[in-house]
Amino acid sequence: MNKMRLERVRKALEEKRITYEYSEEDGCGSLDFLFRGLKYHVWEYHDDIWGAETNIFHAGRSEDLEGDYEETIAAEILSWPDMIM
């Protein structure tokens, strides 16, 4: 069985108690989730280099991140306020 992708991002979401949907296509991970009523996504891609399209910085606008995109995305999610349980 292949290892699931976006491990650091999934761990950040779980630490913040944010429920997410995970899927994989063509070896790339995809996460969709709600936070404070807004829809967010992290969609991995591989076009010569690995990267991810996400809207976590601006809910209404997507941007591409490359390099250590998982660490950047996870750090942003971890900076969000905790969910009230």
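Measuring with a 1.4 angstrom probe and ignoring ligands and nucleic acids, Arg17 comes out at about 150 Å² accessible. Under 17 Å from a label point set 7 Å out along the Cα-to-Cβ vector of Asp64, the amide N atoms of region 15-33 belong to 28-29. Taking label positions 7 Å along the Cα-Cβ direction at both Lys3 and Lys16, the computed distance is 2.4 nm, reported to one decimal. Between Asn55 and Glu76, the simple spin-label model (points 7 angstrom out along Cα→Cβ) gives 1.2 nm. Residues with beta-carbon under 12 Å from that of Glu63, excluding Glu63: net charge, scoring Lys, Arg +1 and Asp, Glu -1? That sum, taken over residues with Cβ under 12 Å, equals -3. Here the accessible area is traced with a 1.4 Å probe on the protein chains. For the chain, carbon and sulfur cover 48 percent of it. Here the relative contact order of the chain, from alpha carbon pairs under 8 Å that lie six or more residues apart, stands at 27 percent.
Given Cβ point charges of +1 (Lys, Arg) and -1 (Asp, Glu) and nothing else, what value in debye, to the nearest 20, does the dipole of the chain about its Cα centre take? Spell out each step's value before the answer.
Numbers: 10 positive and 20 negative charges, 121 e Å.
Magnitude of the dipole: close to 580 debye.
Accessible surface area normalised per residue over region 23-62 is 61 Å², counting heavy atoms of protein chains with a 1.4 Å rolling probe.
Would you mind counting up the charge near Ile49? Only other residues with Cβ under 11 Å from its Cβ, with Lys and Arg at +1 and Asp and Glu at -1.
-4
Within the shell defined by Cβ-Cβ distances under 12 Å, the residues around Leu31 carry a net charge of -3, with Lys and Arg each +1 and Asp and Glu each -1.
The values are calculated or read from the model by the stated rules, or taken from the named source; none is laboratory data. The shown structure was predicted, so the numbers you read here are calculated from the model rather than taken from an experiment. Methodologically, a virtual Cβ is constructed for each residue, glycine included, from the backbone with ideal geometry; neighbour enumeration extends over all protein chains shown. Areas reflect the complete protein model, heavy atoms only, side chains present, ligands, DNA and RNA absent. Shrake-Rupley method; radii C 1.70, N 1.55, O 1.52, S 1.80 Å.
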